[in-house]
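Read through the structure below, which is laid out as structure tokens, and then see the notes.
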Amino acid sequence: DRYYRMALQARIDGGYATHPLTAFQYMSAALNLSAGGRSAEALALLDQAPAFAAARGEGAAHSSRYADLVAYARARTLLDAGRPGEALAVLPAAMLAPGEDRVSRYDAQVALALRGEARCALKQPREGLADLRQSLALATQTRDDPLDTDLARLHAVTGSCALALGDAATARAEAERARRAFQALPGASDYRQAPLRRLDAALSIQAARMGR
């Protein structure tokens with residue numbers, strides 16, 4: 001937390017408070033707080049973010065990208081805090097439509113992952129699972145490391161959503177994909193590993209009920 005805040009404050013002190021790239025600092029600092037269970041602090045930090053100017057140029061994924069990054073961080077923080085309905089309400093629609101460039105595909109990948117997780121939390125597993133699967137498909141175009149622990153978390157979330165639909169085979173397959181990544185990178189944060197623990201517990205309960 002300290003280093004994220006220091007990086008953000010350095011940009012502000014350097015006269016770059018409203019520079020578009022400072023949006024990344026707000027997002028990163030807030031997501032770090034949220035992953036640590038400090039959602040109230042994350043939301044308070046995001047409340048301090050200025051209005052960021054529209055992106056310009058032919059290479060811009062979409063004009064509102066910098067402001068949308070801050071809104072995305074708010075949506076993720078709300079979801080982590082157990083407020084999925086509010087998260088969906090503030091998730092920027094522009095991020096959900098992938099373009100031809102890698103940046104917009106990455107934005108869509110993380111936004112679809114968030115919407116899918118929120119929908120599953122709201123007992124809408126069919127819609128949520130569709131979003132999560134689309135997110136995983138986009139990840140093959142935007143992530144260089146298949147053992148990325150953020151993707152491992154996404155696999156576990158996808159497995160839980162599939163299990164809610166009664167698809168235990170998919171749930172087990174997604175759990176195994178997540179497990180391989182965490183075994184390769186055992187130092188992953190508790191935030192990223194927690195969904196797999198919940199999925200494993202749910203699969204164990206189901207197996208016990210079926211007498212396996």
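The values are calculated or read from the model by the stated rules, or taken from the named source; none is laboratory data. For clarity, every value in this text was computed on a predicted model and none was experimentally measured. Here the Cβ positions follow ideal geometry from the backbone for every residue, glycine too, while neighbour counts run over all protein chains shown. Side chains included, ligands, DNA and RNA excluded: accessible areas come from the protein's heavy atoms. Shrake-Rupley method; radii C 1.70, N 1.55, O 1.52, S 1.80 Å.
Within the assembled protein chains, the solvent-accessible surface assigned to residue 117 is about 30 Å², based on a 1.4 Å probe.
Label positions at residue 130 and residue 143, each projected 7 Å from the Cα along the C-beta direction, are separated by 2.3 nm. Treating r as the C-beta distance of residue 210 and residue 122 and R0 as 25 Å, the FRET efficiency rounds to 0.35. Taking the centroid of alpha carbons for each part, the stretch 155-212 and the stretch 1-27 are 36 Å apart. Screening the chain for whole DSSP H helices of 18 Å or more along their axis (Cα) with average Kyte-Doolittle hydropathy at least -0.5 returns 22-35, 65-80, 102-121, 125-142, 149-164.
Among 16, 66, the order of accessible area from largest down is 16, 66, computed with a 1.4 Å probe on protein heavy atoms.
Give me Rg/Rg_expected for the chain, where Rg uses Cα atoms only and Rg_expected = 2.2 N^0.38 Å with N residues.
So the chain has a normalised radius of gyration of 1.06.
Using the Cβ-Cβ distance between residue 19 and residue 51 with R0 set to 22 Å, the FRET efficiency works out to roughly 0.95.
Sorting 12, 205 by accessible area puts them as 205, 12; the probe is 1.4 Å, largest comes first, and only protein heavy atoms count. The Cβ shell under 15 Å around residue 167 holds other residues with a net charge of +1, Lys and Arg each +1, Asp and Glu each -1.
Gain on full extension, evaluated as 0.36 nm per residue between residue 173 and residue 194 minus their Cα-Cα distance, stands at 5.9 nm.
Projecting the Cα atoms of 52, 160, 8 onto the dipole axis of the chain, where Lys and Arg carry +1 and Asp and Glu carry -1 at the beta carbon, places 160 farthest toward the positive end.
Mean residue ellipticity, 222 nm, helices only, the chain: the sum of -39500 (n - 2.57) across DSSP H runs of n ≥ 4, divided by residue count and rounded to 500, is -23000 deg cm²/dmol. Considering only alpha-carbon pairs that sit under 8 angstrom and 6 or more positions apart, the relative contact order computed for the stretch 1-135 is 17 percent.
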